[in-house]
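Data first, discussion second: the structure below is written as structure tokens.
The values are calculated or read from the model by the stated rules, or taken from the named source; none is laboratory data. Please read all numbers here as calculations on a predicted model, not as lab measurements. A quick note on method: Cβ atoms are made from the backbone with ideal geometry, for glycine too, and the neighbour counts reach across all protein chains shown.
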Amino acid sequence: MCIEGLGPKQIAKRLSAEKILIPSAYAESKGYCKSANYKYPTRWGGQTIAKIFEKPEYCGHTVNFKTYRKSYKNKKRMNRAKEEWVIFENTHPAIISQHDFELVQELRSHRRKMQKCEEVNPFSGMVYCADCGKPMYLCRSRSLTKEQEHMKCSTYSKDPNECSAHFIRTCVLKELLLNEINKLLDYVSINKENYLDMLTQQTNANHLEEAKQAKKTIAKSEKRIAELDKLFTRLYEDNISRKISDERFEMMSRNYENEQKQLKASITELQKFVETKEQQSDDISSFMKIVSKYEHLTDITPEQMHELIERIEVHAPDKSSGHRQQKVDIYFRFRIACSSAVLDRWDYPKKKKAA
């Protein structure tokens, strides 16, 4: 349901209407536990749904060290950051695929306000202003026809002096997007091996060299950290033997410690950078699997949108030629490929407002 574009509250509303038992009531019905913490066994809440979205256990993994206690005297458990979790993969049968789980995490990272309209627009949370980088608002109402629904820069909506409207109709954007997606699908179906080789070569050229330089910087930083440890030891010995004063020792040791902290923080960031770059080869395989699922699209659902597209950027219109032209950049999933197209105002006439 989340991949289809529904938010936690909308999903909770649907489950409640279908009389699905909440987790506590379900566990009690199976004899796993007895709980009196709920009053209505089929009344779901948005927070419960949101917590379900974040559980790697549904992918077949075991997660440890999610909580801790500050001391043995304090019985209250504290939540650890996700980076500190220890995950043991494939320890039990999965009920959700890793692909769907990661897709939902991506969707949740672009959370947006729930709209009153029941139909989910596939462009919600996917379109950004190319100039300020902020999301574009979806503008729709009962007084507007499908052809009149449009998107505009959120920065412009708050302050017209900070950016321009970057206005674009969703029907026009959908037509352009389907055209670019189908171009890619047609090319891949005919030239799959060549396209895969091209992506691999492009990845090697753009990312492996960057990863190599990052690894060199990491090695250099680790060497410097070891040197600082030795310098600190010598500094301590000089202070004990009274070769340097306590004040001097405190100042120099503080400088060494600060430098070490900065180097360690830098190493952590660089290691993440290297992992991201080395992940590109796996991303290519994942992208090719997704693309191979489709032959030709005549429409696009929220699920297909999030599977195929990572981000769409809309540029400001250019009227220097005497009529309105507008560039749109489409970034496919994992940033594996990018397509740019120019919309011409004459190709997409305005639709009159519904009576």
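Only one of the numbered conditions (1) of a type in the set (Lys, Arg); (2) at positive phi; (3) at pLDDT 80 or above is not met by Arg335, and that is (3). Note on the range 120-220: no enclosed strands (runs of 3 or more DSSP E) hold 3 or more residues that are surrounded by 12 or more Cβ atoms within 10 Å (Cβ to Cβ) and hydroxyl-bearing (Ser, Thr, Tyr). Examine the range 159-166 for a residue that is under 15 Å from Arg311 (Cβ atoms), in the same structural domain as Arg335 (by TED's automatic domain parsing) and touching a residue at least 24 places away in the same chain (Cβ under 8 Å), and state whether such a residue exists. Yes, some residue in the range 159-166 is under 15 Å from Arg311 (Cβ atoms), in the same structural domain as Arg335 (by TED's automatic domain parsing) and touching a residue at least 24 places away in the same chain (Cβ under 8 Å). So which residues in the range 256-268 are surrounded by 12 or more Cβ atoms within 10 Å (Cβ to Cβ) and not β-branched (Val, Ile, Thr)? Hits for the range 256-268 are Tyr256, Glu257, Glu259, Gln260, Leu263, Lys264, Ser266. Of the set (1) within 23 Å of the chain's Cα centre (by Cα); (2) closer than 29 Å to Ser124 by Cα; (3) not in a loop (DSSP other than H, G, I, E, B), all apply to Val63 but (2).
If I filter the range 26-50 down to residues being small (Gly, Ala, Ser) and in contact with a helix residue (DSSP H, G or I) (Cβ under 8 Å, 6 or more places away or on another chain), which single residue comes out as farthest from Arg108 (Cα to Cα)? Restricting to residues being small (Gly, Ala, Ser) and in contact with a helix residue (DSSP H, G or I) (Cβ under 8 Å, 6 or more places away or on another chain), the top hit is Ser35.
If I filter the range 287-295 for residues that are in contact with an Asp or Glu (Cβ under 7 Å, 6 or more places away or on another chain), within 23 Å of Tyr195 (Cα to Cα), modelled with pLDDT under 80 and surrounded by 12 or more Cβ atoms within 10 Å (Cβ to Cβ), do I get at least one hit? It would help to see each step written out before you state the result.
Kept after step one, since they are in contact with an Asp or Glu (Cβ under 7 Å, 6 or more places away or on another chain), are these residues of the range 287-295: 290.
Now restrict to residues that are within 23 Å of Tyr195 (Cα to Cα): 290.
In the following step, the residues that additionally are modelled with pLDDT under 80 were identified as none.
No: zero hits.
Apart from one condition, Ile11 fits all of (1) in a loop (DSSP other than H, G, I, E, B); (2) surrounded by 15 or more Cβ atoms within 10 Å (Cβ to Cβ); the exception is (1).
Residues checked against (1) at pLDDT 90 or above; (2) part of a helix (DSSP H, G or I); (3) under 31 Å from the mean Cα position of the chain (by Cα); (4) not assigned by TED's automatic domain parsing to the domain that holds Phe88:
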position	(1), (2), (3), (4)
Leu15	yes, yes, yes, no
Leu21	yes, no, yes, no
Glu28	no, yes, no, no
Gly31	no, no, no, no
Lys34	no, no, no, no
Tyr38	no, no, no, no
Thr42	yes, no, no, no
Gln47	yes, yes, yes, no
Ile52	yes, yes, yes, no
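Report every pair of residues separated by at least 6 positions or lying on different chains whose Cβ atoms are under 9 Å apart, first residue within the range 241-267 and within 26 Å of Ala214 (Cβ to Cβ), second assigned to a helix (DSSP H, G or I) and among the acidic types (Asp, Glu). Going by the 9 Å Cβ cut-off, the qualifying pairs are Tyr256/Asp229; Gln260/Asp229; Leu263/Glu222; Ile267/Glu222.
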